[in-house]
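The values are calculated or read from the model by the stated rules, or taken from the named source; none is laboratory data. Computed from a predicted model, the values in this text were never measured in an experiment. Every residue, glycine as well, gets a Cβ built from its backbone with ideal geometry; the counts of neighbours run over all protein chains shown.
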Amino acid sequence: MRASKFANLLAASLVFMATLAMAQAHAEQGAELAWLRDGKVALVSLGNGTAPAQAAAPSDKVPLGSLWKIFVYAYLVETRAQESAYVCSATAPAEQAGEDHYCCNPGESISRDPALARSCAPYFAPARLGITATGWQAMWKPRSKAPWLLDVAHLRPETEASVADILEALQAMPPQARSAARTALLQTGMEGYGREAWPQLGSGIRYKTYSWHRADGSAFGGAAGWLADGTPFWFGARGSSRTALATWAAPLAKALPEPRWREAGHANDDASCVDVDFFARYPLRAVWKGDAPVEAKAGALDGRYRLHFVNGNWLTINARGELMLAGAEGAAPAISGRMTINDYVARVVDREGGAGPTQTVRALAVAARSYLLQNANFEGACWHIADSTQTQRVSANPPTAAALSAAWFTDDIVLSGVSVRYHRDAAGANRLSWNDAVSHAAAGWGLERILAEAYPKATLSTIGGRSECARLDAAETWLAHAISGWSNRLRREPGFEPLDKVPNVCALGQDQGHPYSDQRRLRIYVRGWRSLDERITLAHEYLHLALRFHPHGADEDYVERLARQLIEG
């Protein structure tokens with residue numbers, strides 16, 4: 001049973017490595033990127049060296065691959081469909097059995113959002129959903145003129161469409177459907193085929209991956225979706241979606257247009273809001289409109305204001321209608337504000353951190369968002385928190401572009417499993433030091449490593465509750481003890497390099513395939529550790545990490561034999 005399993009793993013690993021090598025071998029031919037903004041399609045060709053490859057024309061056609069599913073998803077949202085879940089069956093027809101692999105295990109079911117994230121084709125089959133040509137056209141004809149989108153029969157991966165038509169279709173998607181799709185597709189970037197790319201691309205960008213082949217038979221894949229401000233984009237390159245994203249993540253991140261951060265909250269219909277009581281520990285004496293000694297009227301603040309505090313200090317702020325001034329005649333004035341979560345996070349970054357290296361600012365954005373969810377009250381559909389040194393300080397001024405960029409780059413991402421704290425210069429247990437993080441960023445540390453250093457027991461999760469690592473604490477304890485017993489034996493193995501710390505052991509869901517080790521994050525994903533077979537698997541994946549810089553690390557037979565020797569003794 002295990003031999004067959006690891007043979008399959010080896011085969012899958014070799015296929016992926018070969019595909020990735022092929023994608024890298026063709027990298028000099030470049031990848032193609034396009035986006036639609038202000039009614040114009042922009043085209044960029046990504047290539048190595050100083051001579052980029054010729055970009056495709058907007059009218060050049062490309063295969064849809066899995067992109068057709070996102071438009072069916074939008075139809076279901078917009079028509080308020082109440083479709084049944086899809087059940088994966090062990091007795092599925094032969095032509096469907098392969099597709100079930102992406103959906104769920106035999107006998108299990110899958111609902112709409114995870115079906116989109118996992119690219120479950122049977123779920124979105126128009127025949128299963130009862131979508132008629134008349135109903136489909138009623139949805140899309142007022143929004144698009146693309147022939148392929150208006151004919152439900154064209155919802156197939158081999159259908160070819162122009163890049164411009166794909167971008168226009170993404171832009172034509174109704175706001176509610178786009179917002180729902182963005183939420184569902186976060187899983188693709190954090191846990192799916194985009195997990196290797198998200199540290200470069202961030203979580204504010206949301207996309208559906210696709211893979212197919214061109215007329216010449218070459219593999220072709222990529223992603224399409226929206227930037228944080230709603231700008232639709234399309235990306236394509238040789239290889240599968242996974243290899244294309246892994247190969248081109250860094251150049252893609254540099255080539256994508258900067259989102260218009262001021263429009264991001266509106267574009268995504270961000271209903272998550274934060275109510276802030278400003279200056280909770282510093283009472284106001286008066287609020288002037290402008291710099292003249294003319295008291296501002298109660299209500300929304302818009303423009304420049306001078307705040308005078310009871311302690312004699314004063315502050316000048318600029319407001320854009322998001323702040324409210326309260327206080328009856330003769331009563332002390334008070335200022336409150338309502339803003340989106342990312343606007344709030346950016347204001348905290350400005351107030352608590354300020355300017356700094358990009359990776360440090362992003363790390364603080366995750367910490368500030370995490371602190372909000374752990375300490376604020378949820379009242380009337382909004383989070384409610386005070387601007388105070390006892391919580392976290394919030395700038396009353398509109399956030400800077402750098403802070404907004406960091407907030408949207410880490411959109412929806414929080415730390416779970418620990419009580420999050422941070423400080424300007426004092427590090428501690430589960431407490432990020434801003435100064436230390438600045439030094440780490442200067443040394444080349446990325447966002448994930450900075451957070452892992454400050455919060456070693458935390459995992460990255462989403463506001464909606466999904467975690468990219470459900471920690472198996474008991475398995476980590478067992479592994480730490482086992483490693484100490486293996487040390488003498490493993491020092492004799494060529495290429496063995498002990499890890500600085502015990503890797504995080506994460507629970508692998510039944511729908512997430514075989515156990516594996518994440519060499520970039522130094523994590524192990526397994527289903528358990530109690531049985532003999534599970535402990536051999538855990539040792540097996542640990543060896544992949546400890547031998548990651550040596551050819552033995554990719555030799556499944558060698559790693560399996562060594563894992564059995566360690567466990568069976």
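A single member of A184, A215 is of a type outside the set (D, E) and under 26 Å from A74 (Cα atoms), and it is A184.
Scan segment 192-214 for residues that are within 21 Å of L522 (Cα to Cα) and touching a Leu at 6+ places or on another chain (Cβ under 8 Å) and the total you get is 8.
The set of residues in segment 436-449 being within 21 Å of the chain's Cα centre (by Cα), part of a loop (DSSP other than H, G, I, E, B) and more than 17 Å from N504 (Cβ to Cβ) consists of W445 alone. One residue alone among A507, A554 is of a type in the set (A, V, I, L, M, F, W, C) and touching a Phe, Trp or Tyr at 6+ places or on another chain (Cβ under 8 Å), and that residue is A507. Confirm whether E258 is within 13 Å of the chain's Cα centre (by Cα) and either farther than 27 Å from I463 by Cβ or in contact (Cβ under 8 Å) with a residue 24 or more places away in the chain (or both). It is false that E258 is within 13 Å of the chain's Cα centre (by Cα) and either farther than 27 Å from I463 by Cβ or in contact (Cβ under 8 Å) with a residue 24 or more places away in the chain (or both). Of the residues making up segment 203-210, one or more are assigned by TED's automatic domain parsing to the domain that holds V62 and farther than 30 Å from A403 by Cα.
Just the residues that are of a type in the set (V, I, T) and touching a strand residue (DSSP E or B) at 6+ places or on another chain (Cβ under 8 Å), please, taken from segment 132-171. Correct list: T159, V163, I166. Can you tell me which residues in segment 129-173 are buried (at least 18 other Cβ atoms within 10 Å of the Cβ), free of Cβ contacts under 8 Å to residues at least 24 places away in the same chain and not in a helix (DSSP H, G or I)? Once the filter is applied, which keeps residues that are buried (at least 18 other Cβ atoms within 10 Å of the Cβ), free of Cβ contacts under 8 Å to residues at least 24 places away in the same chain and not in a helix (DSSP H, G or I), segment 129-173 yields only A146.
Scanning segment 117-131 for residues that are on the phi > 0 side of the Ramachandran plot and in contact with a strand residue (DSSP E or B) (Cβ under 8 Å, 6 or more places away or on another chain) returns a single hit, S119. Residues that are closer than 21 Å to D38 by Cβ, in contact with a helix residue (DSSP H, G or I) (Cβ under 6 Å, 6 or more places away or on another chain) and either modelled with pLDDT under 90 or among the acidic types (D, E) (or both): does segment 238-259 have at least one? The answer is no, given that none of the residues of segment 238-259 is closer than 21 Å to D38 by Cβ, in contact with a helix residue (DSSP H, G or I) (Cβ under 6 Å, 6 or more places away or on another chain) and either modelled with pLDDT under 90 or among the acidic types (D, E) (or both).
Among the residues of segment 185-196, is any more than 24 Å from R238 (Cα to Cα), surrounded by fewer than 21 Cβ atoms within 10 Å (Cβ to Cβ) and touching a helix residue (DSSP H, G or I) at 6+ places or on another chain (Cβ under 6 Å)? No, that holds for no residue. Within segment 397-419, track down each residue that is within 18 Å of K254 (Cβ to Cβ) and among the small types (G, A, S). Scanning segment 397-419 gives A401, A402, S405, A406. Filtering segment 402-435 to residues that are crowded, with 18+ Cβ neighbours inside 10 Å and part of a helix (DSSP H, G or I) leaves A403, L404, S405, A406, A407, W408, F409, W434.
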